[in-house]
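Asker: Just dropping this structure here.
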Amino acid sequence: MATQRPPVCRTKPDGQARDGMNRFYDDIAADYDRLWGDQEYAADELAFLRDLAGSGPALEVGVGTGRVAIPLSGTGLRVVGVDPSPGMLAVLAAKADNAERANVEVLVNDLRLTGVRGTYTLIYCVFHTFFYADSRADQKRFLERARDLLAPGGRVVVEAYHAGASRLARWADGIRLTEVSPEGCEYEIYRHDGEAQTVHVTWVRCDRERLRCSSWTERYVTPGQLDDLATQAGLVSDQRWSTFGRAPFDANARRFVAVYRLPSAGGAQAGGGREQRR
Ligand SMILES: C[S@@+](CC[C@H](N)C(=O)[O-])C[C@H]1O[C@@H](n2cnc3c(N)ncnc32)[C@H](O)[C@@H]1O
């Protein structure tokens with residue numbers, strides 16, 4: 001009897017990380033919501049972003065399957081979403097067709113926002129998508145483009161993991177089993193470069209019929225470094241929290257939510273929100 005081996009996709013060397021990232025999201029698009037679509041902080045996230053957006057419109061960078069953009073647009077806000085993965089955007093489009101009051105316009109684009117037009121009261125990039133930029137120059141460019149696309153007093157929100165002690169320990173271990181269930185298992189392999197502040201991730205998922213594997217490089221920053229980049233781009237540091245529920249940021253924080261504002265001549269702000277200065 002012939003035995004069938006599951007298809008295996010090979011990881012690519014660092015220089016081709018973009019291929020790996022694109023393939024990863026196209027490949028898991030149909031499973032994304034089942035795997036990551038149900039975040040316990042989603043209600044806080046939605047309220048936080050809605051509060052800052054004012055009358056809109058809002059721009060989500062790395063919109064994915066619309067986990068955030070679809071319910072946000074359901075509150076009466078127009079949302080434009082950009083993402084480089086056609087697979088993720090196809091899932092978003094199918095969901096939006098079935099959602100009440102969804103108002104999301106999507107563009108295949110990336111953090112560089114090349115050719116993106118409009119004026120936004122809120123530009124947000126959550127779930128550490130900022131770290132998926134292909135280069136440090138792209139991260140800088142994102143903040144500069146955001147500045148150009150914001151209405152006076154408008155905000156940029158970046159939410160990502162904080163590379164604190166627990167994250168560094170995870171990377172130092174080199175491998176992490178993220179799921180074992182009757183359906184399959186999943187693990188990640190890390191190669192961390194502390195000096196360059198990059199982590200090369202190889203992701204492997206084994207389901208009954210299928211073995212999937214992808215790799216990419218994440219370029220992390222600390223909140224302080226992000227503040228410096230935003231200041232250089234002409235934005236003003238406005239708030240920093242460790243959660244969308246506005247828990248204060250401290251050294252033990254696992255994530256950070258950083259908010260920057262485009263100053264307006266009269267000091268007016270596009271949306272609401274409490275202010276916390278460091
Ligand atoms: C972790 S998912 C987050 C999706 C969605 N924002 C959410 O919170 O559910 C990351 C998304 O970023 C997209 N992405 C990857 N590289 C990107 C880049 N350079 N610029 C913009 N988006 C990118 C992926 O295709 C994916 O849809």
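Asker: What are the pairs, 6+ residues apart or on separate chains, where a residue within the stretch 126-140 that is in contact (Cβ under 8 Å) with a residue 40 or more places away in the chain and closer than 12 Å to D110 by Cα has its Cβ under 8 Å from a residue that is more than 7 Å from the ligand (Cβ to nearest atom) and polar (S, T, N, Q)?
Answerer: F130/Q139; A133/Q139
Asker: Given the condition of a type outside the set (G, A, S) and either part of a helix (DSSP H, G or I) or at positive phi (or both), answer yes or no: does some residue in the stretch 113-126 qualify?
Answerer: Yes, the stretch 113-126 has at least one match.
Asker: Scan the stretch 29-41 residue by residue and report those that are more than 9 Å from the ligand (Cβ to nearest atom), within 16 Å of the chain's Cα centre (by Cα) and assigned to a helix (DSSP H, G or I).
Answerer: Within the stretch 29-41, L35 is the sole residue that qualifies.
Asker: Another question about this same structure. Can you report the number of residues in the stretch 52-89 which are near the ligand (Cβ under 8 Å from one of its atoms), among the β-branched types (V, I, T), over 14 Å from V157 (Cα atoms) and assigned to a loop (DSSP other than H, G, I, E, B)?
Answerer: 1
Asker: Counting only residues that are among the acidic types (D, E) and more than 18 Å from E195 (Cα to Cα), which one in the stretch 151-185 is surrounded by the most Cβ atoms within 10 Å (Cβ to Cβ)?
Answerer: Initial filter on the stretch 151-185 (among the acidic types (D, E)): 159, 173, 179, 183.
Going one step further and asking which of them are more than 18 Å from E195 (Cα to Cα), we end up with 159, 179, 183.
Working: E159: 24, E179: 12, E183: 10.
It comes out as E159.
Asker: Has the stretch 15-26 got at least one residue that is at pLDDT below 95, more than 9 Å from the ligand (Cβ to nearest atom) and at positive phi?
Answerer: Of the stretch 15-26, the ones at pLDDT below 95 are 15-26.
So of that shortlist, the ones also more than 9 Å from the ligand (Cβ to nearest atom) come out as 15-17, 19-20, 23.
Restricting the remaining residues to those that are at positive phi gives none.
No, the stretch 15-26 contains no residue that is at pLDDT below 95, more than 9 Å from the ligand (Cβ to nearest atom) and at positive phi.
Asker: Based on this model, can you work out whether F127 counts as under 14 Å from the mean Cα position of the chain (by Cα), surrounded by fewer than 20 Cβ atoms within 10 Å (Cβ to Cβ) and either near the ligand (Cβ under 7 Å from one of its atoms) or at pLDDT 95 or above (or both)?
Answerer: Numbers: under 14 Å from the mean Cα position of the chain (by Cα): yes; surrounded by fewer than 20 Cβ atoms within 10 Å (Cβ to Cβ): yes; either near the ligand (Cβ under 7 Å from one of its atoms) or at pLDDT 95 or above (or both): yes.
The answer is yes for F127.
Asker: Same structure again: I'd like to check which strands (runs of 3 or more DSSP E) are fully inside the stretch 178-262 and have at least 3 residues that are over 25 Å from V68 (Cα atoms) and in contact (Cβ under 8 Å) with a residue 24 or more places away in the chain.
Answerer: 198-207, 211-219
Asker: Kindly check whether there is at least one residue in the stretch 46-57 that is crowded, with 19+ Cβ neighbours inside 10 Å, at pLDDT 90 or above and of a type in the set (S, T, Y).
Answerer: no
The values are calculated or read from the model by the stated rules, or taken from the named source; none is laboratory data. Please read all numbers here as calculations on a predicted model, not as lab measurements. Here Cβ is always computed from backbone atoms with ideal geometry, including for glycine, and neighbour counts include all displayed protein chains.
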